[in-house]
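Readers should treat all values here as calculations from the given coordinates under stated rules, not as data from a laboratory. Since this is a predicted model, take the numbers as computed values, not measurements. With ideal geometry, Cβ positions are generated from the backbone for all residues, glycine too; neighbour counts draw on all protein chains shown.
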Amino acid sequence: MRRLFADRLVSATAVIVILMAVIFALLRVAG
Amino acid sequence: MRLRYAARGAVWVAIYLLFILAPLFALLAGSLPAARDFWTEFAAAIGYAGLAMMGLQFGLTARFRYVTEPWGEDVVYHFHRQISLVAVGLVMAHMLILSATRPALIAPLNFIQAPWSAWFAVLSITAIIVLVVMALWRVTLNIGYETWHLTHILLAVIAITAGILHMVGSGFYLADPGKRALWIGLTIFWICLLLYVRIVKPLFMLRRPYRVTEVRLERGDSSTLVMQPDGHPGFRFSPGQFGWLTVFGTPFRITGHPFSFSSSAAAADGRVEMTIRKLGDFTSTISTIPVGQRVYLDGPYGAFTIDRNPADMHVLVAGGVGITPMMSILRTLADRGDRRPVTLLYGNKDWDSITFREELDALTARLRLTVVHVLSDQPSGWTGERGFITAEVLKRHVPPPFADHEYFICGPGVMMDAVETALGKLGVPLSKYHSERYSFA
């Protein structure tokens, strides 16, 4: 159960980090 | 209690994300160089985030008990392995996107004339690739555990140090002295996490040694190490938890070995026991350890314990040497005078190799314990369960409603997968079963 939770946490972290990188880039491009 | 651990877990997840994202967005503070195109900025962002994630790996493996408690050490190591692939993916994507958007960076002529920061990027990426290959295929490549562990740490330090030097050398965001100081400070912090687990923690352990007071041979090619704290009161653990054992040498040795405690957690004198089966180089030496040998224990760790998961009835499912945390649970329940029903489903190869067979029989008199032996190789006249622990075996011996009990599973990976699947089919929610897997490499 805890490993499944960890797997989901890994996926969620990946999605959050990529989204934040997109926001970072958009903020920069938008000035 | 579960809610308290869940809340603590959520706080640590938030802190983890903060340590990745705050340094990234700090780059947007103050004066900024002129923005580049979207893909270049995106590639830069995932490069920084990937490096931060790799640095935080030192924190995940630093064995901070307070941090790992909500999930258990095995799950944190599982997260460490999985998230490392994400971090590596981000760093590789950083390189590939920049190569696509700025082909001049990888043109052979320019590559030779490339600045030193580009060479650090190459060094970092190379170290990462070697590190991942060695981690994923260590057994296939026939690399010894200790050699791999030492190389793993060295490669991680090289990858991160070269990574930060690449960033500093590239300038741009880190041309700002404040931002440069922040990222160099972060890198020093990550390395300090490594120094904590490799130097500070062993220094504490050095002052808290244990002595082997007995080595007991058990059925099933196993031996029990009985250890007494030497000059200190020892530690308290919960039944089902484990510790890292260092027998030969000092706690500064790169590799300790994780084993469950098999003794009662109710022992008042700090005595702890570990029961270890001969399965490899180190475990084969256990029975030869002399009485009086000084050993070091780092623990307790793990969330696999009945104390965190109270229930009206416990169902323990053990395969082979997976009985050790269950023995600690049963001995502790007996010492506490606990009268709640417990069912132990215990899979073994044959009747003679059942570790703790006689003691389990004796414990049925002190507990409301039902022991169900499942043998893959039965003696003549055997009327008990045959083969492996399946959903049918569970249904025959565990009273419904199945979802009302707490299940604890420990044994070979194949058995654990099968039992977890069987419990799922019986409608047992994920929160009701707990597995302990010792795969830290």
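Structure data summary
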{"item": "Estimated translational D of the range B:185-247 in µm²/s (Stokes, Kirkwood radius over Cα pairs; 20 °C; 1.002 mPa s)", "result": "147 µm²/s"}
{"item": "Rounded to 5, the percent of DSSP beta bridges in chain B classed as antiparallel", "result": "50 percent"}
{"item": "Cα-based shape type of the range B:210-301, given that a ≥ b ≥ c are square roots of the gyration tensor eigenvalues and the cut on a/c is 1.5", "result": "rounded"}
{"item": "The range B:315-398: trypsin sites (Lys or Arg not before Pro) in DSSP coil with no more than 16 other Cβ atoms inside 10 Å", "result": "B:ARG339, B:LYS349, B:ARG366, B:ARG368"}
{"item": "Ranking of B:THR343, B:THR255 by count of other Cβ atoms within 10 Å, fewest first", "result": "B:THR255, B:THR343"}
{"item": "Antiparallel %, DSSP beta bridges [both residues in the protein assembly as shown], to 5", "result": "50 percent"}
{"item": "Percentage relative contact order, chain B, counting C-alpha pairs under 8 Å, at least six apart", "result": "13 percent"}
{"item": "Three-way shape label, the range B:306-436, alpha-carbon gyration tensor, a/c 1.5", "result": "oblate"}
{"item": "Under 25 Å from B:LYS201, Cα to Cα: lysines that are on another chain or at least 8 residues apart", "result": "none"}
{"item": "Within chain B, helix-based [θ] at 222 nm, where runs of 4 or more DSSP H residues each add -39,500 (n - 2.57), nearest 500", "result": "-14500 deg cm²/dmol"}
{"item": "Kirkwood-based Rg to Rh ratio, chain B, C-alpha trace", "result": "1.04"}
{"item": "From the C-alpha gyration tensor of the protein assembly as shown, square roots of 5λ in Å", "result": "47, 25, 20"}
{"item": "Partners for B:LYS278 among lysines (Cα-Cα distance below 22 Å; same-chain residues under 8 apart left out)", "result": "B:LYS349"}
{"item": "Highest average packing first - B:134-142, B:148-156, B:87-95, Cβ atoms within 10 Å", "result": "B:87-95, B:148-156, B:134-142"}
{"item": "For the range B:355-366, 3J(HN,Hα) per residue [Karplus equation, 6.51 cos²θ - 1.76 cosθ + 1.60, θ = phi - 60°, Hz, x = Gly/Pro]", "result": "4, 6, 4, 5, 5, 4, 4, 5, 5, 4, 7, 9"}
{"item": "Trypsin sites (Lys or Arg not before Pro) lying in DSSP loop within the range B:190-244, provided at most 13 other Cβ fall within 10 Å", "result": "B:ARG207, B:ARG236"}
{"item": "Cα gyration tensor shape for the range B:292-354, rounded if a/c is under 1.5, else prolate or oblate", "result": "oblate"}
{"item": "For chain A versus the range B:327-374, the gap between their alpha-carbon centres in whole angstrom", "result": "46 Å"}
